[in-house]
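What follows is one structure encoded as structure tokens, with my remarks underneath.
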Amino acid sequence: MDKNRYVENMVDESTADGVDNYLGEEDPQARRFERVEESWPPLKIKPQSARRAGAFQDARTARKYWIALGVTVAAGLLFAFGLLAWNNPMPFGSETFWLIAERRADAVIAMAIVAVCQAVATVAFQTVTNNRIITPSIMGFESLYTAIHTSTIYFFGAAGLIGARTLETFLVQLALMIGLSLILYSWLLTGRHSNMHAMLLVGIVIGGGLGSVSTFMQRMLTPSEFDVLTARLFGSVNNADPAYYPIAIPLVVVATALLYLNSRKLNVIALGRDTATNLGLNYKVLSISTLVLISVLMAVSTALVGPMTFLGFLVATLAYQFADTYDHRYLFPMAAAIGFVVLTGAYFIMNHVFYAQGVVSIIIELVGGSVFLFVILRKGRL
């Protein structure tokens, strides 16, 4: 473009006459020519590169996520293989070797089920309640599990408790736990004055009441019966019966898949009730449906292996740190992978290094409880 034509066009398009006159300049037209000439040659404005909002802050964060997920999955598979092959007395690859590995695989499958249940349920529960320092255990699942087994041995003795390890008993436990949750949700979340915090408080009260009844019945047991009950109440993969898997695995797969498909909606729920409602989301319906799926996962995990109070909290806390994203499409896989690593790693180390497999759940509860206290006392939040 010619310089003179550029200056004329810029001056003609200027709207500064009124301003210049107001400032009292003697020759505003000449002044405008001077300002335009100073701006020659015109700057070429480069179009901004297309920007998009993603789950990660930048490419580096995304790369760190995939590396962390890959390392976690590899570590979980390595521990799982160690549980199958370590100290196997038969030659590798022989028929007897695979028979022993197949029996050990039942425990590994139980670990995978529990890891997915605890991880996915805890992350989703903390999102719906908008609180990262509570777990689904607050709803009384573990107290109900304790009450069921305590009442069984109280009324039918040790033989009745041992004989109650059947598929029918497993289904009854699932039905009771899910049924209790549905009663709470329909009572406290479907009315006109629905309140999530009231539901949590009622869950705590019910759990405390069931715990008190269980303690009373345990006081009436004989020492031998109490020992049998105590062994059953510790969360352990040894409590899992492979006969439960045809029921447990489909329930876990369906519930987890539905939660994962709702990941984008959970991202909106994490913004809070008012924001989610303003964005057009049916907050009440989605919250109740999510809590029902969480109840299914927690019921399966608790009925299968027993209480794992702080496992979910430990796994969720680590997942938030490693994933470094708000998007549940990436939080769920990371949490499940970490849960599997924690369980398989703990069982491998305690079984093959310290030869104390029975205390795995105690160690997990100790570590998880310590992390919980650290978060509360040090940060107050996650």
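Could you grab me the full set of residues in segment 255-272 that are in contact (Cβ under 8 Å) with a residue 24 or more places away in the chain and in a helix (DSSP H, G or I)?
Filtering segment 255-272 for residues in contact (Cβ under 8 Å) with a residue 24 or more places away in the chain gives 255-256, 258-260, 262-264, 266-267, 269-270, 272.
Selection gives A255, T256, L258, L259, Y260, S263, R264, L266, N267, I269.
Among (1) among the hydrophobic types (A, V, I, L, M, F, W, C); (2) modelled with pLDDT of 85 or more; (3) surrounded by fewer than 14 Cβ atoms within 10 Å (Cβ to Cβ); (4) within 29 Å of the chain's Cα centre (by Cα), where does M177 come up short?
Of (1) among the hydrophobic types (A, V, I, L, M, F, W, C); (2) modelled with pLDDT of 85 or more; (3) surrounded by fewer than 14 Cβ atoms within 10 Å (Cβ to Cβ); (4) within 29 Å of the chain's Cα centre (by Cα), only one is false for M177: (3).
Of the numbered conditions (1) farther than 16 Å from V305 by Cβ; (2) within 22 Å of the chain's Cα centre (by Cα), A115 fails exactly one; give the number of that condition.
Condition not satisfied by A115: (1).
Yes/no per residue for (1) in contact (Cβ under 8 Å) with a residue 40 or more places away in the chain; (2) part of a helix (DSSP H, G or I):
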{"position": "A175", "(1), (2)": "no, yes"}
{"position": "Y185", "(1), (2)": "yes, yes"}
{"position": "I206", "(1), (2)": "yes, yes"}
{"position": "T215", "(1), (2)": "no, yes"}
{"position": "Q218", "(1), (2)": "yes, yes"}
{"position": "S224", "(1), (2)": "yes, yes"}
{"position": "G235", "(1), (2)": "yes, no"}
{"position": "A243", "(1), (2)": "yes, yes"}
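Please state which one of A164, A124 is farther than 30 Å from A198 by Cβ, out of contact with any Asp or Glu (no Cβ under 7 Å at 6 or more places or on another chain) and of a type in the set (G, A, S). Full working, then the answer.
On the way: A124 fails: farther than 30 Å from A198 by Cβ.
Exactly one residue qualifies, and that residue is A164.
Out of (1) under 30 Å from V108 (Cβ atoms); (2) buried (at least 17 other Cβ atoms within 10 Å of the Cβ); (3) small (G, A, S), the odd one out for A243 is which?
For A243, the failing item is (2).
State all residues of segment 295-340 that are under 10 Å from the mean Cα position of the chain (by Cα), among the hydrophobic types (A, V, I, L, M, F, W, C) and over 30 Å from A59 (Cβ atoms); if no residue qualifies, say none.
Listed by number, the list holds a single entry, F313.
Do we find that L161 is touching a Lys or Arg at 6+ places or on another chain (Cβ under 7 Å), among the hydrophobic types (A, V, I, L, M, F, W, C) and assigned to a helix (DSSP H, G or I) in this structure? Even if it seems obvious, please write down each step before you answer.
Values: touching a Lys or Arg at 6+ places or on another chain (Cβ under 7 Å): yes; among the hydrophobic types (A, V, I, L, M, F, W, C): yes; assigned to a helix (DSSP H, G or I): yes.
Considered against the rule, which asks whether it is touching a Lys or Arg at 6+ places or on another chain (Cβ under 7 Å), among the hydrophobic types (A, V, I, L, M, F, W, C) and assigned to a helix (DSSP H, G or I), L161 comes out as yes.
A quick yes/no check of all residues on (1) surrounded by 13 or more Cβ atoms within 10 Å (Cβ to Cβ); (2) of a type outside the set (K, R); (3) in contact with a Gly (Cβ under 9 Å, 6 or more places away or on another chain); (4) within 17 Å of L304 (Cβ to Cβ):
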position	(1), (2), (3), (4)
F141	yes, yes, yes, yes
Y145	yes, yes, yes, yes
I153	yes, yes, yes, no
F170	yes, yes, no, yes
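Inspect all residues belonging to segment 258-281 and state whether any of them is at pLDDT below 90, out of contact with any Lys or Arg (no Cβ under 8 Å at 6 or more places or on another chain), surrounded by 20 or more Cβ atoms within 10 Å (Cβ to Cβ) and closer than 19 Å to R132 by Cβ.
Looking through segment 258-281, at least one residue is at pLDDT below 90, out of contact with any Lys or Arg (no Cβ under 8 Å at 6 or more places or on another chain), surrounded by 20 or more Cβ atoms within 10 Å (Cβ to Cβ) and closer than 19 Å to R132 by Cβ.
Does segment 55-70 hold any residues that are in a helix (DSSP H, G or I) and either under 19 Å from the mean Cα position of the chain (by Cα) or in contact (Cβ under 8 Å) with a residue 12 or more places away in the chain (or both), and which are they? It would help to see each step written out before you state the result.
So the first thing to find is which residues in segment 55-70 are in a helix (DSSP H, G or I), and the list is 59-70.
Of everything in segment 55-70, those that are in a helix (DSSP H, G or I) and either under 19 Å from the mean Cα position of the chain (by Cα) or in contact (Cβ under 8 Å) with a residue 12 or more places away in the chain (or both) turn out to be T61, K64, Y65, W66, A68, L69, G70.
The values are calculated or read from the model by the stated rules, or taken from the named source; none is laboratory data. These numbers come from a predicted model, not from an experiment. Cβ sites come from the backbone with ideal geometry, for glycine too, and all protein chains shown count toward neighbours.
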